[in-house]
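Okay, structure first, notes after.
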Amino acid sequence: MEIKKVVVIGSGTMGSGIAAQLCNANIPVVLLDLTTDISEKARERILKSRPPLLIDKSKINNISIGNINEDFKEVGEADWIVEAVVERIDIKHNIYEKIFKERKSGSIVSSNTSSIPIKVLSEKLSEEEKKDFCITHFFNPVRYMDLLEIVKNENNDLNKINSLKKFCEKDLGKGTLICNDTPGFLGNRIGVYAMQVAMTEAFKMKLTIEEADAVFGRPMGIPKTGVFGLYDLIGIDLMADVLKSFIKELPENDEFQQVAKEIPLVKKLIETGYTGRKGKGGFYRMNKIDNKKVLEGINLENGDYSISKKFNLGSEKMDIVNLINRKDKYGEYAWSVISKIIKYASSLVPGITDKFNDIDEAMRLGFNWTKGPFEILKEIGVKNFFEKIDAFENNKFLEDLSKTKDENFYGERQLYTELETLGKIKPKAIKLDKNNSAEIYRFNDFNIVEFTTKANALDYDSMDSLKNATDKPLIIINEAMQFSAGVNLSYTMDFANKGDLRSIEKFVRYFQETCKHLKYSKHPVISAPSGLALGGGFEVLCQSNFVVSHTNIVVGLVETIVGLIPAGGGCKEMLWRWSQTEEAKNDPDYAPLKVFDIIGYAKTATSAIEAEPLKYLKPEDKKIMSRNSLLSISKEILENNQEFTAPKECKFKLSGKPLKEKMIKLLEKLYNDKVILDHGMEVGKKLANVLSGGETSIDKELSEDDLYKLELDAFMNLIESQKTQERIKHTLATGKPLVN
């Protein structure tokens, strides 16, 4: 069936998020609530949301609003009706009665519930009505969380369920898993259990919250919030309600019951208003000492707060085997948590799903884990796992695996989608090379480079991999949350702290050479970004020949924030793009002034659609909703460009000194208005020198190499500066900019 119009009933956080994502997909949607005023306020919240729920503000025009009394007739025109009202079964049953009286024959009706079983939701529906009813459990925030769980019942029209799945995958960009009707479905059942194990084991083993978060974080392939940071982010009171629901729904002998027991300290935090970030604090809190904000952490034994000290485990890279083999309490904690998660997840197969790797996908898509429990088991190794594990009786999956000892038990990844994804082809591809920052794969007749550092920050090894992979057509793509957050500032500052500026200059030159090599390679180069593509990440992207972008990107040149200017060709490429406009043909200063504004203010776009007006992306760049389609569309471009020829080198004509003076006047106004301070002025002047062409005049022609040299000179001048180094150190330490 084709879905051309959707009605969402309930305009709270989830209803608004679902409506916004439908808007992003250009699907007309009607948002209904008790009153039109409530719906109108929800519409305004969507428009003003941060981070934005819309990929472009104009998408709001796809939404209409109304109320369930006067506008319920809209249900009769919808192909899909989504119920997202409060989690009260009596209210939901009343809504369903109205929907099924009004809806047109064959339309799909779904609930966005995260906790109520479908058998309870549908108990008052006729057998015929049950055919078209399911649960569509989106994760919050809907735009950014990839996971969607469709929960079916035994009466469903499976063709219709599969049709809805394909729509949600292709049009809404969701990683869509079909689940059985079990408590918590897939993601929350395992994800919440994992959080509870990590918490209860930390209490039991008397770890600090900083120690637990350092282990149950990046070293396990889990987001850096860890467990206690995540608890604070979600809300300690909300998590308590989630646990009560699991306790009620699960049998008494379910292992979840053990980790869901109320913890006195958690109860006390809720009672005293320490419910997490939305309250006065939680396991972590901000406090003022001598008029300065200080982060404090709670002592799990006595409930007292003290200044939080970041714990250094020695490595933030995911390395499960070394982590669990550590001969200290952190290795013991890691093994205890991981082994319990694997045992619990495997005990639920085939009860919650007969495809065990769907559990892994749920953890990746819904909780941003790098690997799910079964992939972690595969990484540990079957033999090693069974040598370390204790009893696992009544666990058919592990009992069978212990007999076969099959190290290749896993099979294929991402069975939930028919699309050819990076995750599916990596096991079949030839690994050509690997270093500390990237891997090169050969698949059929093209290469793939996947960055592998924290936030995919770029360094010398990253450039090596890019340069070495251009012997064939190349796709730069990865499975991580970010395409690349830019050049590794820690890497740069290590040299600066030693006074080794020559090594910094050597690296920047190599970065420039690599980007130029990508742009003019004899084979086409494609970048397929998702997530952050900032600074150096953008410079790799914009000097690729083609771009296939996920709509959920944050893209821009942000170097001025840390007291630098783009030096990998970012200034050059932006100048060239803006110089191709009609306005630039009539005014030679138009493009440089535009780029001065964009780079000077470190402007970013929060979607592929927003990126185009800034010229971070070009009209011909592909912009797609489904991240799972990045690779297949990149492959199509390669197939359609087998007679590829590299572009001609760019030439520039810039005004030089008169243009630079215009830019400095703009800076002086900002300085006088106290928008920028002393070092902001210096950074702005260096940027002005690059974008005006330095010692040039309008009758001279500059090459790309000339622009690269201007970028490099400005960058080196700034990195030597104490004030730039202060900015970088502050950002690395706090994650926030320093204005000096």
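No value in this document is a laboratory result; all are computed from the given coordinates. Quick caveat: nothing in here was measured; it's all calculated off a predicted structure. Cβ atoms come from the backbone with ideal geometry, glycine included; neighbour counts cover every protein chain shown.
Kindly write out, for the range 570-585 in residue order, the coupling ³J(HN,Hα) from the Karplus curve 6.51 cos²θ - 1.76 cosθ + 1.60 (θ = phi - 60°), rounded to whole Hz, with x marking Gly and Pro.
Computed from phi, the couplings for the range 570-585 are x, 4, 4, 5, 5, 4, 5, 4, 6, 6, 8, 7, 4, 4, 5, 5 Hz.
What 222 nm value per residue comes from the helices of the chain, counting each DSSP H run with n ≥ 4 as -39,500 (n - 2.57) and dividing by all residues, nearest 500 deg cm²/dmol?
Working: 32 runs with 326 residues, N = 740.
Calculated at 222 nm, the ellipticity per residue is -13000 deg cm²/dmol.
Report the relative contact order of the chain, percent, no decimals, based on alpha-carbon pairs under 8 angstrom and at least 6 residues apart. Write down the numbers at each step before the final one.
Working: 1345 pairs, mean separation 61.4, N = 740.
With pairs under 8 Å counted, the relative contact order is 8 percent.
Holding the Cα-Cα limit at 30 Å, pick out from Lys280/Lys310; Lys165/Lys454; Lys585/Lys686; Lys204/Lys244; Lys622/Lys660; Lys622/Lys665 the pairs that are longer than that. Each step should come with its number before you reach the end.
Working: Lys280/Lys310 21 Å; Lys165/Lys454 33 Å; Lys585/Lys686 25 Å; Lys204/Lys244 22 Å; Lys622/Lys660 35 Å; Lys622/Lys665 38 Å.
Violating the 30 Å limit, Cα to Cα: Lys165/Lys454; Lys622/Lys660; Lys622/Lys665.
Using the alpha-carbon atoms, what tilt in degrees (0 to 90, nearest 10) does helix 590-600 show relative to the longest principal axis of the chain?
Its long axis makes an angle of about 50 degrees.
Go through 406-412, 64-70, 185-191, 28-34 and give me the packing order, highest mean Cβ count within 10 Å leading. Present the calculation step by step, with values, prior to reporting the outcome.
Values: 406-412: 11.7, 64-70: 16.1, 185-191: 25.3, 28-34: 22.7.
Peptide ranking by packing, descending: 185-191, 28-34, 64-70, 406-412.
Sorting check: for 630-637, 440-447, which peptide has the highest mean count of neighbouring beta carbons within 10 Å, and how do the rest follow?
Most protected by this proxy first, the peptides run 630-637, 440-447.
Taking a 20 Å limit on the Cα-Cα distance, which of the listed pairs Lys426/Lys635; Lys424/Lys467; Lys472/Lys522; Lys131/Lys166 fall beyond it?
On the way: Lys426/Lys635 14 Å; Lys424/Lys467 25 Å; Lys472/Lys522 9 Å; Lys131/Lys166 18 Å.
Exceeds cut-off: Lys424/Lys467.
Could you tell me which of Ile118, Asn61, Gly499 has its Cα farthest along the dipole of the chain towards the positive end, charges placed at Cβ (Lys, Arg +1; Asp, Glu -1), taken about the Cα centre?
It is Gly499.
How do 726-734, 531-539, 311-319 rank on mean C-beta neighbours within 10 Å, highest first? If you can, show how the numbers build up before the last one.
Numbers: 726-734: 15.8, 531-539: 28.2, 311-319: 13.8.
By packing density, highest mean first, the sequence is 531-539, 726-734, 311-319.
Leaving out same-chain residues fewer than 8 places away, which aspartates and glutamates sit with a Cα under 20 Å from that of Lys662?
Excluding near neighbours in sequence, the set is Glu583, Asp587, Asp589, Asp597, Asp673, Asp678, Glu682, Glu695, Asp699, Glu711.
To the nearest 10 degrees, how steeply does helix 329-347 sit against the main Cα axis of the chain, on a 0 to 90 scale?
Roughly 50 degrees between the two axes.
Give me the distance between the Cα centres of the range 52-71 and the range 545-593, rounded to whole Å.
33 Å
Decide, for the range 104-189, between rounded, prolate and oblate: order the square roots of the alpha carbon gyration tensor eigenvalues as a ≥ b ≥ c, take rounded if a/c falls under 1.5, and otherwise choose prolate if a/b is larger than b/c, else oblate. Could you put the intermediate results ahead of the total?
On the way: a/c = 2.03, a/b = 1.28, b/c = 1.58.
Because a/c hits 1.5 or more and a/b fails to exceed b/c, the range 104-189 counts as oblate.
Can you compute 3J(HN,Hα) from phi for each residue in the range 16-33, using the Karplus curve 6.51 cos²θ - 1.76 cosθ + 1.60 with θ = phi - 60°, rounded to whole Hz and x for Gly and Pro?
5, x, 5, 4, 5, 5, 5, 4, 4, 8, 6, 9, x, 9, 10, 9, 10, 8
Which listed residue (Ser347, Cys134, Ser579) has the Cα farthest towards the positive end of the charge dipole for the chain, taking +1 on Lys and Arg C-beta and -1 on Asp and Glu C-beta about the Cα centre?
It is Ser579, whose Cα lies furthest towards the positive end.
Quick check: the angle from helix 657-672's long axis to the longest principal axis of the chain, C-alpha only, nearest 10 degrees?
50 degrees
Using alpha carbon centroids, what distance separates the range 475-508 and the range 285-360, in Å?
About 28 Å separates the Cα centre of the range 475-508 from the one of the range 285-360.
Considering only DSSP beta bridges with both partners in the chain, what is the antiparallel share in %, to the nearest 5? Present the calculation step by step, with values, prior to reporting the outcome.
Numbers: 28 of 70 bridges.
Roughly 40 percent of the DSSP beta bridges within the chain come out antiparallel.
Across the range 236-250, in residue order, what do the Karplus-derived ³J(HN,Hα) couplings come to in whole Hz, using 6.51 cos²θ - 1.76 cosθ + 1.60 with θ = phi - 60° and x for Gly and Pro?
5, 5, 5, 4, 4, 5, 4, 5, 4, 5, 5, 4, 5, 7, 8
How high is the relative contact order of the range 187-404, given as a whole-number percent (alpha carbon pairs under 8 Å, six or more residues apart)?
Details: 270 pairs, mean separation 49.7, N = 218.
Here the relative contact order equals 23 percent.
Among Ser626, Gln725, Ile676, pick out the residue whose Cα is farthest towards the positive end of the charge dipole of the range 601-740, where Lys and Arg carry +1 and Asp and Glu carry -1 on C-beta, about the Cα centre.
Farthest towards the positive end: Ile676.
Fewest Cβ neighbours within 10 Å first, please rank Glu479, Glu361 accordingly.
On the way: Glu479 15, Glu361 26.
Least crowded to most crowded, the residues run Glu479, Glu361.
Give the order of Lys403, Lys388, Lys59 when sorted by the count of other beta carbons within 10 angstrom, beginning with the fewest.
On the way: Lys403 8, Lys388 13, Lys59 22.
Going from least to most buried by this count: Lys403, Lys388, Lys59.
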